[in-house]
1. Taking residue 548 as the residue in question, decide whether it is surrounded by 18 or more Cβ atoms within 10 Å (Cβ to Cβ) and either part of a loop (DSSP other than H, G, I, E, B) or under 26 Å from the mean Cα position of the chain (by Cα) (or both).
2. For residue 395, are the conditions met, namely being in contact (Cβ under 8 Å) with a residue 60 or more places away in the chain, surrounded by 24 or more Cβ atoms within 10 Å (Cβ to Cβ) and closer than 27 Å to residue 39 by Cβ?
3. Would you list the strands (runs of 3 or more DSSP E) that sit entirely within the range 561-670 and hold 2 or more residues that are modelled with pLDDT of 95 or more and out of contact with any helix residue (DSSP H, G or I) (no Cβ under 8 Å at 6 or more places or on another chain)?
4. Being surrounded by fewer than 20 Cβ atoms within 10 Å (Cβ to Cβ), touching a strand residue (DSSP E or B) at 6+ places or on another chain (Cβ under 8 Å) and in contact (Cβ under 8 Å) with a residue 60 or more places away in the chain, is that true of even one residue in the range 439-450?
5. Could you check, for the range 83-93, whether at least one of its residues is assigned to a loop (DSSP other than H, G, I, E, B) and modelled with pLDDT of 95 or more?
6. Test residue 253 against the criterion of being without any contact (Cβ under 8 Å) to a residue 60 or more places away in the chain, under 30 Å from residue 135 (Cβ atoms) and buried (at least 21 other Cβ atoms within 10 Å of the Cβ), and give yes or no.
7. Within the range 66-82, does at least one residue satisfy the condition of being out of contact with any helix residue (DSSP H, G or I) (no Cβ under 6 Å at 6 or more places or on another chain) and in a strand (DSSP E or B)?
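The values are calculated or read from the model by the stated rules, or taken from the named source; none is laboratory data. Computed from a prediction, not measured in an experiment: that's the story for all the values here. Methodologically, a virtual Cβ is constructed for each residue, glycine included, from the backbone with ideal geometry; neighbour enumeration extends over all protein chains shown.
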């Protein structure tokens, strides 16, 4: 990418009187870096890195205005004046990097889980956000007054902390949107019943925010479409913005989409790679047409700055936000301006959204340094240690990352890969429909290795004997074993042919008729193969021994995945196990009752069972006299995901003497 491709993004912009050096911003996104609901040094370093990376503006993650919205202590809140210094430290760091910073303030409403705090969430009515979720407290007039005051107080604190502006969150199905939407607000009082009364709480909040933070530009974030029957439509939200703009001096409208509801709508909020590029850009364009003189900020699953530039060039938006791409590469803008390659976001939702759901700090498959920027900076700038001869065996995500890290640390590196190209299992996974973007995890490290001059030897299958004294590859000081894992396959004697996952991907075009997919792991692997086959017209039965479909896929992605599977006619058999087969018949057993049933006309079975570590080299060299020092990473260590593989690869490459201690030191520093 060259600077000419992103030229429209590089012009400065005045937003509510605040100077921005360009039109790229980092939109608010939860990090789980907080402590006691306040920012920490991890926030300071995380946002400083992205400011130094060249963005024009950073909008903070949602700052909860009241304890009933906190949910857990690792989220951010501003509940008293004691929080001001922590927020000021973040603002100071961002401005030192040349970017402006706006504070996003919100109340989560009914989805503010009270498990950690043992409190009830607040909402317009006592209807939960999803089946099985906690029933919220239906707010009374006193509760509403408390929330209004809390919004004003939070805005005052952000002004005191030196923020350039405030963004009031009216979208994503949070409290203010819950009151705005006829889907979630069924009250029949002064705060519900018709569109004007549903708007009352937002009016009161904006009035209080502007009064408590005089002179500070105030923008709003909206969801253009709730994607819910009976919910807010783009026309409804345009009318809401028109009304608010007529009554308040809005600095901008930030156009997003979705509602926080246990359905497909929520999946659109963090749209993964299956959605394709910029699937919701038309929303920003609508608001720009309706309000040509009001700055419009766009976010819509943009993957590159070139795509973002097209929105500005087309007149569809004034500023464009990229959250996950800046998690993947905080220096996205500077790289593009210099014509340098950047690491691409995979839109996999694994290290960011997936870890959020587990109440863990965010990470990133392609950027293991997220949340520990200061510690990693110290690692890379630290004193150079002795140069060692390093052999990396295996060219998947763990191996390529290990080779790159070891080279950057100053070692002499050779990478041996048995196949004729780098990437390992990722190359196969990227052949499945909707998962093509995974291919970047093979292509980009390969390009980086080529640029570094690391010796890459393709088609070289390494054995343990090769590495022992007298072997053809003897003499290396360290060997990093990144040989990955292999799929397992359980035969069904007398039944239809059985394919393991790798075989199935290679034969996708030939698997026809009725196919049974056995999914013991609950990951993307089986689900994406099932979806691909169904798109080809195959009748698919997905057999799952647990009570949950795709149990290890993040909820944000699963809500879209299950909708697609349903639309394609995939039949899910939960709490079922395959116990036998006869000809074209496959027998399933109910895990609860033990009862059996038969699937007939089955032409093939795909077995997505538990993978096995391909760790033979490690086992053979472990404890051998004369063997080089051995490190094992990624699936060869234990079959998991690309997130762990890349992280372990980087640790091993940098901390050749003691990767475990290195990981501990980084965790403590973070």
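1. So residue 548 fails the test.
2. No: the conditions fail for residue 395.
3. Once the strands (runs of 3 or more DSSP E) in the range 561-670 are filtered for at least 2 residues that are modelled with pLDDT of 95 or more and out of contact with any helix residue (DSSP H, G or I) (no Cβ under 8 Å at 6 or more places or on another chain), what remains is 571-574, 576-582, 585-590, 596-599, 602-608.
4. The answer is no, given that none of the residues of the range 439-450 is surrounded by fewer than 20 Cβ atoms within 10 Å (Cβ to Cβ), touching a strand residue (DSSP E or B) at 6+ places or on another chain (Cβ under 8 Å) and in contact (Cβ under 8 Å) with a residue 60 or more places away in the chain.
5. No, the range 83-93 has no match at all.
6. No.
7. Within the range 66-82, one or more residues are out of contact with any helix residue (DSSP H, G or I) (no Cβ under 6 Å at 6 or more places or on another chain) and in a strand (DSSP E or B).
Here is a yes/no grid of residues against (1) farther than 27 Å from residue 208 by Cα; (2) surrounded by fewer than 21 Cβ atoms within 10 Å (Cβ to Cβ); (3) touching a strand residue (DSSP E or B) at 6+ places or on another chain (Cβ under 9 Å); (4) outside the structural domain of residue 345 (by TED's automatic domain parsing):
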| residue | (1), (2), (3), (4) |
| --- | --- |
| 43 | yes, no, yes, no |
| 46 | yes, no, no, no |
| 57 | no, no, yes, no |
| 68 | no, no, yes, no |
| 73 | no, yes, yes, no |
| 81 | no, yes, no, no |
| 89 | no, yes, no, no |
